[in-house]
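Colleague: This is the structure I want to talk about, given as structure tokens.
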Amino acid sequence: MDKTKQMEKNIPIFNLEITSDLEDDVEVDTISLVDRPAIERSFLAFNEDEFAESYTDYPESAKNNAQRALDWVEKNGWGSCGEATGKIRANTIAKGGPITRDTIARISGFKRHQQNKDVPYSEGCGGLMWDAWGGTSMIEWASNKLKQIDRQNFVIQDEDQQIISGPLMLADTPIYRNDHNGEYYVVFTKETIKKIAQRYFKKGYQANVNLMHDSGQSVEGVTMFESFISDKVRGIYPMKGFEDVPDGSWFGSFKVDNPEVWAEIKAGNVRGFSVEGQFNYKKTGDKKIEQLWENVLEVLSKVK
């Protein structure tokens, strides 16, 4: 769901906490390799930061399509069409701005809406949003580009290393959830993340890894060998490619000696980390975090 709509619904925000008691079950005990990390940041593979690379070589016709949609919107408005991220994307494409591999994947997936591409702008959202995303030429380019990028991303630079690195947890960053408890955000403070990381190593969980949060897919031969928490005061900065993450975020590197898991990584079937564990929930009451999201909502509401 679009974050603007989430905030309009006043979805509650909860802190996730742990204790310092090693006998307590409240903890992170497993790292899962997943295809879509909840923190929306992929890991880096083969010591290359290609996941952070961006691209601008899409067709001129795609830029023209997006601009045509934006010109119409300037006079008539978006109405009920499009979400905030889609509107931002339209502006980026029209200006020929850089887009990442993850954005290209989303554009490629937009092909599922092609049956509505001929709907006139004045009669519905189909044609308007199709062109806002760059139209047919952009969708086709994205599909081909995605295959090209993934082939390039997984050219092995050093077969002996087989290392994946990236953020495990982002500090003070609301993460959207929708489960049997309803809709809500969860937040890990930098203090909680520090406790989690310390406890994780004290209890020797470095080799606890599974695929897609499936306990039946626990894997051997994947071990965390490197870990740090960004801390500007101590001069510890995020790894290259993740300079924008909040201070207090947890990073890790894993050595992958399992050939089946390595094959999944090379195929692009897993792209990031996600933590598993038991937590205590507490409504934040943190005005700074709630104000942050109010500010985000205000900015997105002005995007045309």
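Every number in this text was worked out from the coordinates using simple rules, so none of it is lab data. Remember, predicted model here, so these are calculated numbers, not experimental data. Cβ placement follows ideal geometry from the backbone for every residue including glycine, while neighbour counts extend to all protein chains displayed.
Colleague: By how many nm would the segment from Thr223 to Asp247 grow when fully extended, if each residue of separation counts as 0.36 nm and the alpha-carbon distance is taken off?
Modeller: Computed gain between Thr223 and Asp247 is 6.2 nm.
Colleague: If you keep only loop residues by DSSP, which chymotrypsin sites (Phe, Trp or Tyr not before Pro) in the range 228-257 have at most 10 other Cβ atoms within 10 Å of their Cβ?
Modeller: Loop-located and lightly packed - none at all.
Colleague: Tell me, what is the FRET efficiency for Gln278 and Gln148 to the nearest 0.05, using R0 = 35 angstrom and their Cβ-Cβ distance as r?
Modeller: Calculated transfer efficiency: 0.25.
Colleague: Using R₀ = 45 Å, calculate the FRET efficiency as 1/(1 + (r/R₀)^6) where r is the Cβ-Cβ separation of Ile88 and Lys203; round to 0.05.
Modeller: It comes out at approximately 0.60.
Colleague: Continuing with the same structure: I'd like to know which of Cys81, Ala105, Ala132 lies farthest towards the positive end of the charge dipole of the range 66-147, counting +1 on Cβ of Lys and Arg and -1 on Cβ of Asp and Glu.
Modeller: After comparing all options, I get Ala105.
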